[in-house]
Amino acid sequence: MDNSFETFPRLLLHHARVRGDRPAIREKHLGIWQTWTWRQVADEVRALACGLAAHGFRRGMHLAIIGDNRPRLYWVMAAAQVLGGIPVPMYQDAPTAELVYVLNDGEIAYAVAEDQEQVDKLLEAVPQVGTLKHVYFDDPRGLRNYEGIVSLDSLQEAGRAFDRDHPGFFERELEAGSAEDIAIILYTSGTTGKPKGVCQTHDAFMMVSSSGCDFDRLGPDDRVLCYLPMAWVGDHVFSYSQWLKAGFTINCPESGETVMTDLREIGPTYYFAPPRVFENLLTQVMIRMDDACAFKRWMFRSCMAVAKRCGAELLDGKPVPLLDRLKYWIGNLLVYGPLRDVLGLRCFRVAYTAGAAISPDLFRFYRSIGINLKQFYGSTETCAYICLQSDGDVKLDTVGPPAPGVEMKIAENSEILVRGPMLLKTYYKRPDATAEVIDAEGYFHTGDAGYFDDDGHLKIIDRARDVGRMAGGTLFAPNYIENKLKFFPHIKEVVAFGDRRPEVCVFVNIDMGSVGNWAERRGLPYSGYTDLAQKPEVYGLVKECIDQVNLELSQDPALCDSQVHRFLVLHKELDPDDDELTRTRKVRRNFIAEKYAVLIDALYGGKSVQHIETQVKFEDGRTGMVAADIRIETAKTYPRAAVRQAA
């Protein structure tokens, strides 16, 4: 790669020179899309960088960024990198206590907040963070009488004055940067403990973005919707590093509530979402179909049966009988095309999912309606880059072969080990933790268990620490069971237990939107989640889903003994604010097992009802208690001999 582009700010200036008048970034504000060209973005970043320099920001310092996806927050990231500083994006929904930990651990002196909500959290954190001295804000609403904070408008004014008084300063700082400089610190989700700061270089993300753009033929004509947390490595790859590498246009939605509307308006060609987003989209489809007339429901089911049979094969260019091709063409006119339009997926050329395992059934659904949805596999420590699926070579139950430039091997305990230029430089202030995950040969230990199939595609079994054996010796992979259940629109989250136990039992969270709609159509009254979750009718609905999954599991000799025997519906939704999920919505399995030990004992102890009281945190920081008498039900299981008859 040309050394002149070895840092991301240099790439930004390159785009300003070669495509200065083309759109670089859009933001929807008050219902209207605002556009900035590459030349305008470069000017904005220059003013911000010089403003930070005027306020004492220097090479090696850390700058926290917290808020939704906003153009100026991305510009601030680039501005910090111009000066050799290190941006540290933070999760916008994190409470103050979590921010305090990252601010202290990251030794943050400067912080940029989107709006009053984030400013309030930072100001609340200031007494507990000795290093934090400078707080800036983007949106001024509600902040008129605040003292000790500075608007980004004022920062840019100071920067333009500083730039005039120090000619050549910006260019010298830009040239001083190198590929080996740390470009960003991204904190892990903290699934197993306190988050760790992952230090990644420009070179690592440059390699990933360059390879990814070449792999999927990304260029200036592509469009991306930026709506995922800026603190997540996935957003940093798709909305920042690949943006600056390929020169495409990124689009910031007006708010989290308008994402679906904005998605339809923008019509992105390149899209990324974790499985939960695709699960929610499917749930919305199923809710609408439940409300449709009998003819439309029949048409939908008939066309989806055709799509399930041959849609994915047609997308991959594989041979399909002529009659099925004709039926699919009709289905595309009547159902698949309109469905893609409604969901905002019509223009998708490439779509990716990652961050958690996706159900093969969910994966097939989207590919069957003509969405080129693919999986990739990676982590924060690998710049989200280990495996990629090629167009026309997509398997529903694998994550594809190793990505270009990645070396991979499977350890004796089935753990996946990887090596390559995309690996983290270090965990911030944690050389001990770095040494634990990178061995003497330079391989990063992912913590995931998997194996290669005959075609060289990697199949993820589960997190290595979660894979176990049941009391009878059967392999127990909780994620596999959980994902099969989460395919049903009525089920939002599942936690499975079974390691060293005689049978599998599960906790279930119902999807409030889907089940609430189902209940209202049947005239079933309820006062809230806790009340609805314990209705006998809802238990019957969940039981139908579990029974169907058990039938499918029973047909696999290796998994027949891992059918779900007993289940309960939790009285509250699992929540990151209650430490039950990470900020990226991953289940904190060990924490849940400890917190709800009384429920696990009741499941395996044969009880039919168990009383529990649980502390919850509210959005304003207050705490309260939720109490319920939780029902415990037995699911239907299938012996191998009966399966063949039932099938």
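The values are calculated or read from the model by the stated rules, or taken from the named source; none is laboratory data. Note that the coordinates shown come from a computational prediction; the quantities given were computed from them, not determined experimentally. Here the Cβ positions follow ideal geometry from the backbone for every residue, glycine too, while neighbour counts run over all protein chains shown. All accessible areas refer to the heavy atoms of the entire protein, side chains included, with ligands and DNA or RNA removed. Shrake-Rupley method; radii C 1.70, N 1.55, O 1.52, S 1.80 Å.
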The range 539-614 -> Rg/Rh from Cα coords, Kirkwood Rh, value 1.01
Label-point separation in nm, A627 to I410, each point 7 Å along Cα→Cβ
5.1 nm
Rounded accessible area per residue of the range 521-607, 1.4 Å, Å²:
40 Å²
Counting pairwise Cα distances across the range 34-190, what percent come out greater than 29 angstrom?
13 percent
Counting only DSSP loop positions in the range 359-442, the GluC sites (Glu not before Pro) whose Cβ has at most 14 other Cβ atoms within 10 Å are E412, E441
Using only Cα atoms, find the angle between the long axis of helix 275-291 and the longest principal axis of the chain, and express it within 0 to 90 degrees, rounded to the nearest 10.
50 degrees
Mean shadow of the range 101-243, computed from the convex hull of its alpha carbons, in nm²?
11.7 nm²
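Output the antiparallel fraction of DSSP beta bridges having both residues in the range 493-647, as a percent to the nearest 5. Could the numbers behind the result be given before it?
Numbers: 17 of 22 bridges.
Expressed as a percentage, antiparallel bridges in the range 493-647 total about 75.
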Compute the angle between helix 512-521 and the longest alpha-carbon principal axis of the chain, please, reported from 0 to 90 degrees and rounded to the nearest 10.
50 degrees
Beta bridge orientation in the chain: antiparallel %, DSSP, nearest 5
60 percent
Convex hull (Cα only) mean projected area of the range 249-384, reported in nm² to one decimal:
9.4 nm²
Once normalised by the length of the chain, the mean sequence separation of its alpha carbon contacts under 8 Å that are 6 or more apart gives a contact order in percent of 10 percent
Report, in deg cm²/dmol and to the nearest 500, the calculated mean residue ellipticity at 222 nm for the chain, where each DSSP H run with n ≥ 4 adds -39500 (n - 2.57) and the sum is divided by the residue count.
-11500 deg cm²/dmol
Surface accessible to a 1.4 Å probe, R364 within the full protein complex, Å²
60 Å²
Kindly express, to the nearest 10 degrees and within the range 0 to 90, the angle between helix 322-331's C-alpha long axis and the longest C-alpha principal axis of the chain.
70 degrees
Rule-of-thumb check for the range 65-138: C-alpha Rg over 2.2 N^0.38 Å?
1.00
May I ask for the percentage of alpha-carbon pairs in the chain that lie more than 47 Å from each other?
17 percent
How large is Rg/Rh for the range 49-98, to two decimals, with Cα atoms and a Kirkwood Rh?
1.01
Given R₀ = 25 Å, FRET efficiency for A593-H445 by Cβ-Cβ distance, to 0.05?
0.60
Scale the Cα Rg of the range 215-304 by the rule-of-thumb value 2.2 N^0.38 Å and send over the ratio, two decimals.
1.34
Could you check how much of the accessible area of the range 325-426 is carbon and sulfur, as a whole percent, using a 1.4 Å probe?
56 percent
Counting Lys and Arg as +1 and Asp and Glu as -1 over every other residue whose Cβ sits under 13 Å from the Cβ of P502, the net charge comes to +1
Answer check: the range 399-506, Cα atoms, Kirkwood Rh, Rg/Rh ratio of 1.04
Cα-Cα separations in the range 460-580 greater than 24 Å, expressed as whole percent
29 percent
How much length is gained on full extension from C293 to E171, taking 0.36 nm per residue of separation minus their Cα-Cα distance?
37.5 nm
Hand me the trypsin sites (Lys or Arg not before Pro) from the range 504-599 located in a DSSP loop with no more than 12 other Cβ atoms within 10 Å, in residue order please.
R522
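Once you keep just the Cα pairs under 8 angstrom separated by 6 or more residues, what percentage relative contact order results for the range 444-484?
For the range 444-484, the relative contact order is 29 percent.
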Just want to confirm a number: the relative contact order over the range 532-584, from Cα pairs under 8 angstrom separated by 6+ residues, in percent.
29 percent
Quick check: Cα centre of the range 51-119 to Cα centre of the range 505-572, how many Å?
42 Å
FRET efficiency for A97 and D547 from the Cβ-Cβ distance with R0 = 51 Å, rounded to 0.05, comes out at 0.75
What spacing in nm lies between the two simple spin-label points modelled at T35 and L334, each 7 Å away from Cα in the Cβ direction?
4.0 nm
